[in-house]
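Shown next, in structure tokens, is the structure this report addresses.
Each value in this text was obtained by applying a stated rule to the coordinates, not by laboratory testing. These figures come from a predicted structure and were not determined experimentally. Because the Cβ atoms are built from the backbone with ideal geometry, glycine has one as well, and the counts that use them run over all protein chains shown.
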Amino acid sequence: MDTKVLQFKHITLEVETPIAYVTMNRPNKRNALSQEHMEELTECFFTIGKSKEISVVILRGNGPAFCAGHDLKEMLNETPVFYQQLFDTCIKMMETIQSIPQPVIAQVHGIATAAGCQLVATCDLAIASEESTFATPGVKIGLFCSTPMVALSRAVGRKKAMEMLLTGDSLSAEDAVAAGLINKAVPANQLEEETKLLATKISQASSYTVGVGKQSFYQQIEMQQNLAYAYTKQVMSMNAAAVDASEGMCAFIEKRKPEWKGC
């Protein structure tokens, strides 16, 4: 799939094989998620998901913030049908991020609020600058962050999720690490380097194996333990019979670097 032909209004896509950089580009709106913006992100991630050349995706924001959530000006005085369509679009975007085989790393700076916090919680991994803050402040404006709650409550503990949702208070980057919302907080001048370092490390593994692992992670995470073991046994048996698994095991035994085939 040729990602170079994609043209967007609200995002940019740059590919430095094997890493793709998806940049939200509404800096004057703090990258607020309009309907069109979310549709573009969905299309972009869906297309990336079909690429054999891309192993990892870094999602970041241009301007002073990562993402300020939904575009509230777009939402004023609309109909229930409009809101249903808007949140359908948001859910499709979030599900697309988790359904593609490539791991998606959020590179967070500034604020990540409401649906922006949901976006961080949805990404497979997240690294943030130490100055970043995270919040689900919808309760303060009469609009409870119900859809962000889905991703947030699956990323952090129940008590912390409820505290964030009920108070709308911000979480520091340090506290976000402790809560499990992000993986690491680093000085702002190291954010890009640290995120790329993580992406590069992941890209050295078999893209086929990583894709199998990502899909099975989200499938098993909500299962009962016995069902999760039954499911992952089948996945691992299939994986063990794959070309890259055979190559990886042989390379380990022979003390050499594996040559991945992506299958």
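Would you work out which of GLY180, VAL150, PHE134 lies farthest towards the positive end of the dipole of region 108-246? Charges go on Cβ: Lys and Arg +1, Asp and Glu -1.
VAL150
How do LEU197, LEU125 line up, fewest other C-beta atoms within 10 Å first? Write out the running numbers ahead of the final one.
Details: LEU197 12, LEU125 19.
Listing LEU197, LEU125 from fewest to most nearby Cβ atoms yields LEU197, LEU125.
Straight distance only, please: which aspartates and glutamates reach the Cα of LYS257 with their own Cα at less than 20 Å, same-chain residues fewer than 8 apart left out?
GLU53, ASP244, GLU247
Counting only C-alpha contacts under 8 Å and six or more residues apart, can you give the relative contact order of the chain as a whole percent? Provide the component values of the computation, followed by the final result.
On the way: 484 pairs, mean separation 40.9, N = 263.
It rounds to 16 percent for the chain.
May I ask you to list the chymotrypsin sites (Phe, Trp or Tyr not before Pro) in region 85-193 that are in a DSSP loop and have at most 15 other Cβ atoms within 10 Å of their Cβ? Working shown, then result.
Values: sites: PHE87, PHE134, PHE144; in loops: PHE144.
Loop-located and lightly packed - PHE144.
Determine the distance separating the Cα centre of region 192-234 from the Cα centre of region 1-65; give it in Å without decimals.
What the calculation gives is 22 Å, centre to centre.
How big is the charge dipole of the chain about its Cα centre, in debye rounded to the nearest 20, if each Lys and Arg gets +1 on its Cβ and each Asp and Glu gets -1 on its Cβ?
Working: 24 positive and 28 negative charges, 86 e Å.
My answer is approximately 420 debye.
Which GluC sites (Glu not before Pro) in region 201-263 sit in a loop by DSSP (not H, G, I, E or B) and have at most 11 other Cβ atoms within 10 Å of their own Cβ? Walk me through the intermediate numbers first.
Working: sites: GLU222, GLU247, GLU254, GLU259; in loops: GLU222, GLU254, GLU259.
The qualifying sites are GLU222, GLU254, GLU259.
Could you give the dipole magnitude of region 196-263 about its Cα centre, charging the beta-carbon of Lys and Arg +1 and that of Asp and Glu -1, in debye to the nearest 20? Numbers along the way, then the final one.
Values: 8 positive and 5 negative charges, 50 e Å.
It comes to approximately 240 debye.
Tell me, what does the Kirkwood hydrodynamic radius of region 1-107 come to in angstroms if you use every pair of distinct C-alpha atoms? Intermediate values should be presented prior to the final figure.
Details: mean 1/r = 0.0704 Å⁻¹.
Evaluated over region 1-107, this radius sits at 14.2 Å.
Considering only DSSP beta bridges where both residues belong to the chain, give the percentage that are antiparallel (nearest 5).
On the way: 8 of 30 bridges.
Roughly 25 percent of the beta bridges in the chain run antiparallel, per DSSP.
Restricting things to alpha carbons, find the Rg to Rh ratio for the chain using the Kirkwood radius for Rh. Spell out each step's value before the answer.
Working: Rg = 19.0 Å, Rh = 19.3 Å.
Over the Cα atoms of the chain, Rg/Rh equals 0.98.
Out of the chymotrypsin sites (Phe, Trp or Tyr not before Pro) in region 36-83, which ones are loop residues according to DSSP with at most 16 other C-beta atoms within 10 Å? Can you show the working numbers first?
Values: sites: PHE45, PHE46, PHE66, PHE82, TYR83; in loops: PHE66.
Filter output for region 36-83: empty list.
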